[in-house]
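First up is the structure itself, then whatever we jot down about it.
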Amino acid sequence: NIGFFSNIVYTNYMFEIEIKAWARNRQEVIEKLNSFAEYICSIDKDDTYYKFPVENEGKYVSFRIRKEKIIKNGVETSENLFTYKKKENRITEDGSSIEVNSENEFSFSDPLPLELLASDLGGKVYLKKRKITECWHFETECGQANIELCTVLPLGDFLEIEIVTDREDSAWVSKIRSIEESIFLKCGIPLSDEEPRYYSELLKETVVS
């Protein structure tokens, strides 16, 4: 399928420094974001996660296939993304926890070949997640902050703040965390509403309950 390979774009090896928190007053958060950040677009993200057991190790590796619908300036487009991500919760110099992700990703035109390949290789779907997001950008001294107000079905609303960097030293990560915390406060979100758990954990708890 030549079309499958015709639209591959690889990302650089970068680190995502990300914090998320519950957004308990969605409209207030939107109003505050519009007062200082640049609105970009809305994205409907439909994610499917596959996992593959690592033989004789009792572990597994996983990847994500995301199908996006993007509305920007009244125009709707779509995109499919393959993502292989390694997540790590780190403790910063001040004792806070922060999520640091190393990510490799490419876009492609048709998800079917990858879905079939995952199945043929013994991959199992272990999670489906849908996020409906509104996106803003805000320039900081450590680079662009990508800000997303997300409705994660069926959990509720969250504010995610992410700065992408090629550095991972402790002092730099702590500085980025401080900037991201200040953005939460600008949005009227107390730091006590930070949610350190992954969405996968929250979704599993919802299923169990």
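The values are calculated or read from the model by the stated rules, or taken from the named source; none is laboratory data. All figures in this text were calculated on a predicted structure; none of them were measured in a lab. Cβ: placed from backbone, ideal geometry, glycine included. Neighbour counts: every protein chain shown. Each accessible area value is taken on the protein alone, full model and side chains, heavy atoms only, with ligands, DNA and RNA left out. Shrake-Rupley method; radii C 1.70, N 1.55, O 1.52, S 1.80 Å.
Being of a type in the set (S, T, N, Q) and either out of contact with any Cys (no Cβ under 6 Å at 6 or more places or on another chain) or exposed (fewer than 15 other Cβ atoms within 10 Å of the Cβ) (or both) is the filter here; which residues of segment 125-164 pass it?
Within segment 125-164, THR140, GLN144, ASN146, THR151 qualify.
So in segment 6-36, with the set limited to residues that are at pLDDT 95 or above, open to solvent by less than 50 Å² (accessible area, probe 1.4 Å) and not aliphatic (A, V, I, L, M), which one is nearest to the chain's Cα centre (by Cα)?
Checked segment 6-36; the qualifying residue nearest to the chain's Cα centre (by Cα) is LYS20.
What are the pairs with Cβ atoms under 7 angstrom where one residue, in segment 165-188, is open to solvent by 60 Å² or more (accessible area, probe 1.4 Å) and the other, located anywhere, is among the charged types (D, E, K, R) and not in a loop (DSSP other than H, G, I, E, B)? Sequence gap at least six, or different chains.
LYS186/LYS32
Yes or no, residue by residue, for (1) within 30 Å of LYS128 (Cβ to Cβ); (2) of a type in the set (D, E, K, R):
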| position | (1), (2) |
| --- | --- |
| GLU160 | yes, yes |
| ASP166 | no, yes |
| SER170 | no, no |
| GLU181 | no, yes |
| LYS186 | no, yes |
| ASP193 | yes, yes |
| ARG197 | yes, yes |
| SER200 | yes, no |
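Tell me which residues, restricted to segment 36-65, are closer than 23 Å to VAL152 by Cβ and not in a strand (DSSP E or B).
Correct list: ALA37 only.
Are any of the residues in segment 119-136 assigned to a helix (DSSP H, G or I) and either in contact (Cβ under 8 Å) with a residue 40 or more places away in the chain or of a type outside the set (S, T, N, Q) (or both)?
Within segment 119-136 (the criterion being assigned to a helix (DSSP H, G or I) and either in contact (Cβ under 8 Å) with a residue 40 or more places away in the chain or of a type outside the set (S, T, N, Q) (or both)), the answer is yes, since at least one residue qualifies.
Is it the case that GLU68 is modelled with pLDDT of 95 or more, closer than 17 Å to GLU148 by Cβ and not in a strand (DSSP E or B)?
No.
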